[in-house]
Amino acid sequence: MASRRYAPSLDRLLRLYSRNYRNLSRLLARARRVNGEVAQYRWQHAQQALILQLTVNEQTRYTEVVTVERLAPPLPLVAPARIEIRLYHDALMAEVLTGQHFLRLLPAYPYPNARMQQRDEKFQVNLFLAELLEQFAHREWQLISAREESR
């Protein structure tokens, strides 16, 4: 049986981009209501020693570039998670641009390959972002206000 060439589902990818935009926009709006217009927002997990930071790197009329990174605690032998996302306000979509192990994502990869990337790596990385953003809806995550950080 001949293997079929992988063709990414544009419909699934665009739905995922819309979902990420919706969740990230809500998160940023909530943070801005509490802390105002600042460049960095931090969330702390109530039961674990874990802090995630959102940094607004660039803001234009139609786009915004945000970095999500894990600040604490460091894990032995593991680089801290860090991904950069572009929000497209006119299209209502958010896409992962870069991360700690990649500089840009291709729509599809041949498999097998030297870096052991999945055929649908771009979809998988954006799905990871969607799952991460959905975690912020749970009560275990608390926004650290700017006043608490300065203490």
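FYI, it's all coordinate maths here, none of it is from the lab. The structure displayed is predicted, hence computed values, not measured ones. Don't worry about glycine lacking a Cβ; one is built from the backbone with ideal geometry, like all the others, and counts go over all protein chains shown.
I want the local charge near Arg15. Using Cβ-Cβ distances under 15 Å, sum +1 for each Lys or Arg and -1 for each Asp or Glu among the other residues.
Computed value for this residue: -1.
The sum of -39500 (n - 2.57) across all DSSP H runs of n ≥ 4, divided by the residue count of the chain, sets its helix-only mean residue ellipticity at 222 nm to -10000 deg cm²/dmol. Annotation for region 1-77: GluC sites (Glu not before Pro) lying in DSSP loop with at most 10 further Cβ atoms inside 10 Å of their Cβ are Glu37. To the nearest 0.05, how large is the calculated FRET efficiency for Arg4 and Ala91 if R₀ is 41 Å and r is the Cβ-Cβ distance? That pair, Arg4 with Ala91, gives E of 0.85.
Computed from backbone phi, the HN-Hα couplings of region 83-96 come to 9, 10, 10, 10, 9, 9, 5, 6, 9, 6, 9, 9, 10, 6 Hz, rounded to whole numbers (Karplus: 6.51 cos²θ - 1.76 cosθ + 1.60, θ = phi - 60°; Gly and Pro given as x).
With N denoting the number of residues in the chain, provide Rg(C-alpha) divided by 2.2 N^0.38 Å, to two decimal places. Don't skip to the end; give the middle numbers.
Numbers: Rg = 16.9 Å, N = 151, 2.2 N^0.38 = 14.8 Å.
My calculation over the Cα atoms of the chain gives 1.14.
Each residue, Leu50 and Val34, gets one label point 7 Å from its Cα in the Cβ direction; the gap between the two is 1.6 nm. Do any trypsin sites (Lys or Arg not before Pro) in region 43-144 lie in a loop, going by DSSP, with at most 14 other beta-carbon atoms within 10 Å of their beta carbon, and if so which? Here the sparse-neighbourhood loop sites are Arg61, Arg104, Arg115, Arg139.
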